[in-house]
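Each reported figure results from applying straightforward, stated rules to the coordinates on display, with no laboratory input. Worth saying up front: this structure is predicted, and the values here are computed from it rather than measured. Note: ideal-geometry Cβ built from the backbone for every residue, glycine included; neighbour counts use all protein chains shown.
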Amino acid sequence: MRSFFNHFFFGVYILILAGIFASVGLYHMVKDQLPQLPDSLDKIALSLPTEVYSADGEVMKVLGERHPIALKEISPHFTKAIVATEDSRFWEHHGVDPIGLTRAVVANLKAWRVVQGASTLTQQLSKNLFFSFERKWIRKFKEMLVAFQMESTFSKEEILEAYCNQVYFGSGAYGVEEAALHYFGKRARDLSLLQAALLAGLPNAPNDANPYANPERAMARARYVLNRLVKMRFITEREMEATLQQPLELVPPQPESNPNLYFVNFVIDKLEQKYGKEFVHFGGLKIFTTLDTRYQRYAQTAVETHLAALEKNLKPELEGVHPLQAALVSIENKTGAVRALLGGRQYSQSQFNRAISNLRMPGSSFKPFVYFTAMEELDMNPASLVVDEPVTIPVPGSDPWQPKNFNDHYDGPIILKKALMRSLNVVSAKLIHSVTPQRVIRTARQFGITSPLGPHLSLALGTSGVSPIEMASAYSVIANLGVVNEPYLIQKVEDYRGATLYEHFYHGVQKFSQKAIFPLLDMMTGVVEGGTGYVVRRMGFQHPAGGKTGTTNDFKDAWFNGFTKDFSTSVWVGKDNNQPMLDKNDKGLTGASAAAPIWTYYMQKALEGKSPVKFPVPDGIRIARVEANTGYLATEHSTHPMDVAVKLETPLQMAPVFGENQEEEKELVPAPPLNQPRGNYGVPGF
């Protein structure tokens, strides 16, 4: 038995020696990477706010900005509560708690995963102030070394004071003074025991336990903190129960009305996914974004002004009041930079970002992708003849589909460009039936649409949800004559030393040839010049532009997506409860009446002072004049002539020559399509 114990203790001794030697080796490996402590922890606590800049140089948000106060200005209720909750042996250890560390190692080994941490207040302070927050064991070792340095350099009171001044409490509040003012409208020195317990429970889960978002979870954390105070004999059981009976006196949150916050919070979310929340909030970064605050103000004014005017004539709702909402995204075509992103009508009333949400259907504004697919797959062109007529389309395994035009009006024979200008549902349905929904989805993906798209024939009418930022980006591909620029919001990120962590570089990809995309562009300029988007011209917008309206069933969604040479802008209007938008005469709001005026006002302001720029006609394209109801080349006798952009190799037909008998002209039969539909999806009467 004695021999066994001798061997056991010898083994433990060897392990201890190995640990010591390993620690010494690690120390020499990382010692030059450790920061030099300043003469005051206050200097550290105030040196690392993260700043978010607009493209025009405005500081839009500061993260981690703190307003430190002396320890004597903090309620003893809070200091006892935070120690009891986060580091019960704070006053005994020297930066690292060996008991807590051992307990955490045993618990994690039993669970085979990290279920318990062991960072002391000093370690948390060192992590938040110095390191890049990479989740590696070497970082933990560095934290321990700096914690030892702190404990040997500063008093416990100085360390506790610095921690209380820098810790995050949720809702943008850093430091106990700011948290006390934010949640309770009082100074940190005046916190009650219950209020102190609630705040002490927040650093562990500042979002999940936020008293505004989750009051039950917040109070559960407060009860946990009070139990810790009882366990450490700071208070009695009776005091805890009496405290839980007291009113919390939470003050209502102060609403933020800055419209830039839709964009800013989206940027912060993306960076948190890349770098981690702690690094973004405490790393002292400088984030340079693409947002132009002037354009954002134009967007806000356009949305608020037009929605207020529309609501004066809206039909009263039977239950409650649900205001109109809107979203706007504007992208710079040549780079993909997002210059404006408005996620709602007023940020103070709703923080939900509709600009990036794909919950709403685009309606007819999705049709350009259907038309482009048909031109690519069926060798069609803007002068190709189609027949707009009532039609029944078989659907395997389901009832036949009978798409309807707006107001049940049908135009008969019509060329493709005119059909898009008039947004004819039947024509779009015939096209998708011929090329298949799967092929249209593949085209949409090439244009940058990433949202889930249902492989159904009704996709032709925009029945799958997409986001405004996707639509603006996809339309920019058309304006760019086939070049895809992925939309981006962040130009550059610098760390607190000024070193570049990230920088965006232009990398546009020519996804489609110019002569393949230009006919679609020309068709969409027709929408603005004489189609469903003509309201843009009626409002006085003079720049060359293309676009497409979109209105869903029952008038639940209204869109206008359009572009000039400079910008592609998407506008959505609707209600969050998905109710129809009807006026007092039961007339529905459409893309032309609800969304296009917002687009027009915004684009007029964004392009103010700039000369109109035409879209260049690429090589291999010619402009021809045809008869809109036959597809024949127009003559001086044509009644509905229309200019179309077609490839040079596209054959166009002359109208038949008739004799003097005018009656024969009534027998004129429109020319057939240039190519009949092929495959199992062909629809007679194209």
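Which of the GluC sites (Glu not before Pro) found in the range 297-389 are in a DSSP loop and have at most 14 neighbouring Cβ atoms, other than their own, within 10 Å?
For GluC sites (Glu not before Pro) across the range 297-389 that sit outside H, G, I, E and B with at most 14 neighbouring Cβ atoms in 10 Å, the list reads E317, E319.
Any idea what Rg and Dmax come out to for the range 176-323 if you just take the C-alpha atoms, in Å?
21.4, 65
Taking amide H positions as placed 1.01 Å from N in the peptide plane, with prolines and chain starts having none, which residues 5 or more places from D388, or on another chain, fall under 5 Å of its amide H?
D411, G412, I414
Can you tell me the order of 259-267, 228-236 when each peptide is scored by its average per-residue count of other Cβ atoms within 10 angstrom, highest first?
259-267, 228-236
Each residue of the range 458-464 in order: what ³J(HN,Hα) in whole Hz does its phi give by Karplus 6.51 cos²θ - 1.76 cosθ + 1.60, θ = phi - 60°, with x for Gly and Pro?
5, 4, 4, 9, x, 9, 10
Given H placed on each backbone N at 1.01 Å, which residues far from T552 in sequence or on other chains put an amide H within less than 5 Å of it?
D557
Add +1 for every Lys or Arg and -1 for every Asp or Glu among the other residues with Cβ under 12 Å from the Cβ of V536, and state the total.
Summing Lys and Arg as +1 and Asp and Glu as -1 gives +2.
For the range 518-578, what is Rg from Cα atoms divided by 2.2 N^0.38 Å, rounded to two decimals?
1.19
Mind jotting down the three principal axis lengths of the range 459-564 based on Cα atoms? Whole angstrom, largest first.
Result, largest extent first: 55, 35, 32 Å.
Explain nothing, just compute: Karplus ³J(HN,Hα) = 6.51 cos²θ - 1.76 cosθ + 1.60, θ = phi - 60°, for every residue of the range 640-652 in order, whole Hz, x for Gly and Pro.
My calculation for the range 640-652 gives 9, x, 8, 7, 10, 9, 10, 5, 4, 7, 6, x, 10 Hz in order.
Among 601-608, 220-227, what's the highest-first ranking by average C-beta atoms within 10 angstrom per residue?
Ranked by mean Cβ neighbours within 10 Å, highest first: 220-227, 601-608.
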